[in-house]
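The structure under discussion appears below in the form of structure tokens.
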Amino acid sequence: MIKTRLATWSDADATSALLTAESGEHGGMLLGRWPREVIETRIANGQPIVIATDDEGRLLGALLTSEKGYGEAPPVQAMLTAWPGSPDAYVYGPVCVSRNARVLGVLEALYAKLQAAFRGREAILFIREDNPRSLKAHLRLGMREVARYDFGGKVFIVLSDRPDLRQ
């Protein structure tokens, strides 16, 4: 059974390890570096991180969010230039699901918890064009492509879950 909740300080090490394992420097698709201190700072500054665990409390996935304007990295700034979204939109991501939990519905559980926390607000995210697995998974959630942009020689696809964009 998948359990979801907001991360606390005690989740920082496991969340950092999961994100770091899937970062670009380790062969994954996540941008950025995710040391424990970054995770703790996000939690301390009220930027929600939704985590999913199994019955034994093992971390299955993490979904980071932030308010627009919070520590925006250059790829996020470029995304918000391409699609600023509604005034109360928030930045969704990164999201990471443990490799051994990718067929269990973890992404869906994380997103459902996030929607409950941010009821009625638009999520904006980017996915590299060369990451079709993530793109397909997010389109299945009902998100829609709203823009594209080039950053660092890579094409990024901007997605939104704004209800009026759904088909």
**Asked** If we only count strands (runs of 3 or more DSSP E) wholly inside region 81-157, which ones have 3 or more residues that are open to solvent by 30 Å² or more (accessible area, probe 1.4 Å) and modelled with pLDDT of 95 or more?
**Response** 144-151
**Request:** Select from region 38-52 the residues that are free of Cβ contacts under 8 Å to residues at least 60 places away in the same chain and either in a loop (DSSP other than H, G, I, E, B) or farther than 19 Å from Ala116 by Cβ (or both) and list them in ascending order.
**Result:** Val38, Ile39, Glu40, Thr41, Arg42, Ala44, Asn45, Gly46, Gln47
**Prompt:** Would region 4-12 turn up any residue that is of a type outside the set (Gly, Ala, Ser), in a helix (DSSP H, G or I), touching a Lys or Arg at 6+ places or on another chain (Cβ under 8 Å) and at negative phi?
**Reply:** no
**Prompt:** Can you find even one residue in region 27-41 that is at pLDDT 95 or above and among the polar types (S, T, N, Q)?
**Reply:** no
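Any idea which residue in region 62-80 is farthest from Asp164 (Cα to Cα), counting only those that are outside any loop (DSSP other than H, G, I, E, B) and of a type in the set (Gly, Ala, Ser)? Don't jump to the end; show me each part of the working.
Of region 62-80, the ones outside any loop (DSSP other than H, G, I, E, B) are 62-67, 74-80.
After this cut, where a residue has to be of a type in the set (Gly, Ala, Ser) as well, the list is 62, 66, 78.
Details: Ala62: 27, Ser66: 22, Ala78: 23 Å.
By that ranking, first place goes to Ala62.
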**Item:** Qualifying position, being among the basic types (Lys, Arg) and touching an Asp or Glu at 6+ places or on another chain (Cβ under 9 Å), among Arg99, Arg128, Arg119, Arg133
**Value:** Arg99
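The values are calculated or read from the model by the stated rules, or taken from the named source; none is laboratory data. These numbers come from a predicted model, not from an experiment. Cβ coordinates were reconstructed from backbone atoms using ideal geometry, including for glycine residues, and neighbour counts include every protein chain displayed. Each accessible area value is taken on the protein alone, full model and side chains, heavy atoms only, with ligands, DNA and RNA left out. Shrake-Rupley method; radii C 1.70, N 1.55, O 1.52, S 1.80 Å.
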